Every structure is written in C-alpha cells, then in structure tokens.
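What follows draws every value from the coordinates through simple rules; no lab data is involved. On a predicted model such as this, the values are computed, not experimentally measured, just so you know. Every residue, glycine as well, gets a Cβ built from its backbone with ideal geometry; the counts of neighbours run over all protein chains shown.
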Amino acid sequence: MSSPWQHKRHKYRKKRSGHSPSSSYKPLAYPTRRRGNPLKTLVEELWNAKENLSIEMFAISCLSLIVLVFGLLRIGTWANWLSLPWIQGWGEYFIGIMPFEIFFVILGAYGIFWVVRKAGLYKGSIMLLSVAIAFCLLVIILFPNAHDILFWQGKNGERMEELVNSDIFTVTVGADGHKLWLHNNPESEDPTWEELQNFLAEDTTDQIPYDSEHFVCADFAELLHNNAEKAGIRAAYVSVSLTYGEHALNAFNTVDNGLVFIDDVGSDCVVDLERGKEYVPISLFSTVEWYGMGTIYGFTVQW
C-alpha cells in the first residue's frame with residue numbers, strides 16, 4: 001500500500017514531463033526556408049523598413065548618389081577615361097592643386113555615410129541600393145546609348161571631350177587661364193585636301209587678332225580643332241618645341257595628301273613639320289611671307 005506522499009510525487013513527475021506515460025513521443029517539425037524572387041524580397045524589406053526611413057533620408061540618398069556619380073564621371077573625363085560631351089567646358093576651377101570635381105565626390109560620399117549611419121547598415125544599404133537601381137533604370141530609359149557615349153574612343157584613342165596635354169597634376173591653359181578642351185565628333189572623318197582647303201577658306205579663326213593676354217597660339221589651335229570637328233572633319237592639336245619656346249598648331253590626316261600641319265595664327269598656313277628643320281609657315285590663300293620661328297626640336301600630336 002503506497003503512502004499519500006508517494007502518490008503526490010508521482011503526479012508531480014507526470015506534470016513536469018508534459019505527457020502521460022502512455023503517450024508516444026513526436027519530434028518537433030522545423031519549417032523549411034523557401035527561396036523567393038530576390039527583387040521581390042528587396043522591395044519587401046524596403047517596405048517593411050519604411051517606418052524608420054524618412055523622406056528626408058530618401059532625398060539625401062538620391063542627392064548624394066547623383067553628386068557622387070557626377071563627380072566620378074567628371075574626374076573620369078578629366079583623366080581621359082570617360083567622355084561627357086553634353087557638359088562641354090565644365091571644370092575650370094582648381095582649389096590648390098585639386099580639381100573642383102573632387103569635392104563633388106567628397107560631398108556625395110559623406111551623404112552616403114550619413115544615411116548609413118542614421119538608418120543603420122542594413123536598412124541604409126537597402127535604401128541606397130534601391131535608389132541606385134532606380135537611377136540606373138532612369139539613365140537607361142533617358143539615354144539608351146549612354147554606354148557608347150561614355151566609353152567611346154576614336155582611331156587614336158581620343159575621347160569625345162579631353163584636355164590638352166594633361167596629366168594628374170598639370171594641364172595646358174589658354175592666354176586667359178582657361179583649360180584647353182578638345183571636343184571630338186564621333187561622326188567626323190578624315191578629309192581630302194580639297195575639303196580641308198574649303199573648310200579653312202570658310203573658317204574665321206585666323207581673323208581673330210593675336211593677343212598675348214587674351215588669345216594666343218594655343219587658343220587658335222583649340223578653336224580651329226573644335227570648329228573642324230563640328231564640321232565633321234577629324235582634327236588634331238599639335239604642340240611643338242622651337243628654339244624660342246613652345247608653339248601650337250593643328251594637324252589633319254587627309255585622304256590623298258597624308259598628314260598636313262596647319263598654323264592658323266594670323267593666316268591659314270601650311271607647315272612642313274619635321275624635327276631639326278626650320279619652322280616656316282607658308283600661306284595658303286595669300287601672298288604674305290612669314291619668317292622662320294626657329295628650329296623644330298620636337299612635337300606631339302593629340303587627336
């Protein structure tokens with residue numbers, strides 16, 4: 001005969017065990033994870049996080065990405081890695097030795113850092129990724145040929161818009177201090193000698209007065225190059241080292257006469273440019289005779 005204390009201990013053990021001695025044991029069933037559409041998952045995550053992401057944060061994300069991308073594209077153009085023909089002549093300012101575009105990159109990067117810090121790494125990254133995807137889709141819709149424009153290169157590796165004889169720390173400037181930009185036309189072609197003469201006869205660059213403070217040989221060469229490219233004629237900028245200093249002119253690769261060098265300062269002149277020879281311009285459309293400008297030590301041609 002069992003005591004009442006034993007009976008109570010038996011009931012206590014049954015309560016702790018969670019099942020009666022006659023019930024069978026069933027293992028727990030763990031739910032399996034189902035894979036869904038990644039894009040749909042991203043949208044759902046952004047929608048669930050909208051309570052903590054304000055309109056202000058979304059606007060800063062958009063603005064920061066646009067500023068960052070714009071700065072990177074402009075630096076890519078400045079470094080001759082990319083082309084941005086629809087923003088001609090941008091970026092004439094330097095702060096110290098730093099181009100102005102670098103501050104767009106810094107400002108954009110700081111805005112992205114602020115968004116990630118404010119919203120958290122996960123939610124901030126989702127928002128920035130969503131904005132970046134939307135921005136890329138918008139660019140593709142508005143500029144379907146953006147890739148061909150940004151990464152276009154000509155026969156000699158030239159970009160649509162490039163600086164004259166530039167590197168990381170130096171750049172060639174005109175008389176008034178502006179950076180010299182060459183605007184290359186993807187549709188331009190090498191002319192015949194007759195086509196080149198007809199263009200030079202109609203062009204008025206040579207009629208601009210020479211001014212050591214406002215318009216010098218580099219400005220003549222820049223303007224003639226850009227006018228020729230605009231007219232569909234492929235042109236090059238030429239820097240030449242002479243006995244008495246540096247000079248600038250242009251080159252055209254004619255179909256029938258080969259490479260022709262044109263000096264447009266004061267008159268349309270052809271020059272026989274060869275190292276060691278005297279630099280003597282010869283007028284094309286007038287009887288004006290020009291004196292020699294010194295011995296040619298070397299020259300570079302930039303298309």
Original post:
Can you sort 83, 286, 241 so the residue with the fewest Cβ neighbours within 10 Å comes first?
Top reply: 286, 241, 83
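When only Cα pairs under 8 Å and 6 or more residues apart are kept, what is the percent relative contact order across the stretch 161-302? All intermediate terms of the calculation are to be shown ahead of the outcome.
Numbers: 296 pairs, mean separation 30.4, N = 142.
Result for the stretch 161-302 is 21 percent.
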Original post:
Under the Karplus relation 6.51 cos²θ - 1.76 cosθ + 1.60, θ = phi - 60°, what is the ordered set of whole-Hz ³J(HN,Hα) values for the stretch 110-126, x standing for Gly and Pro?
Top reply: 5, x, 5, 4, 5, 5, 5, 5, 6, 8, x, 4, 5, 5, x, 5, 4
**OP:** Take 178, 247 and order them by how many other Cβ atoms sit within 10 Å, fewest up front.
**Re:** 178, 247
Original post:
Considering amide H positions built from the backbone, and no H for Pro or chain starts, which residues 5 or more places from residue 255, or on another chain, come under 5 Å of its amide H?
Top reply: 192, 193
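Among 104, 135, what is the fewest-to-most ranking by other Cβ atoms within 10 Å? Numbers along the way, then the final one.
On the way: 104 21, 135 14.
By the 10 Å Cβ count, ascending: 135, 104.
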Original post:
Taking the Cα centre of the stretch 115-187 as the origin, how large is its charge dipole in debye, to the nearest 20, when only Lys and Arg (+1) and Asp and Glu (-1) carry charge on their Cβ atoms?
Top reply: 620 debye
Original post:
Assuming R0 = 45 Å, what is the FRET efficiency of residue 259 and residue 102, from their Cβ-Cβ distance, to the nearest 0.05?
Top reply: 0.75
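Would you tally the net charge around residue 212, using a Cβ to Cβ cut-off of less than 12 Å, leaving residue 212 out, and scoring K and R as +1, D and E as -1? Intermediate values should be presented prior to the final figure.
Working: positive: none; negative: 176, 211, 213, 219.
Net charge in that neighbourhood comes out at -4.
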**OP:** Quick one: divide the alpha-carbon radius of gyration of the stretch 152-258 by 2.2 N^0.38 Å and tell me what you get.
**Re:** 1.08
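When the chain is fully extended, how far beyond the present Cα-Cα distance does residue 204 get from residue 121, taking 0.36 nm per residue of separation? Working shown, then result.
Values: separation 83, 0.36 × 83 = 29.88 nm, distance 5.94 nm.
Extra length available between residue 204 and residue 121 comes to 23.9 nm.
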**OP:** Sticking with the crude label model, points 7 Å out along Cα→Cβ, report the distance from residue 142 to residue 79 in nm, one decimal please.
**Re:** 2.5 nm
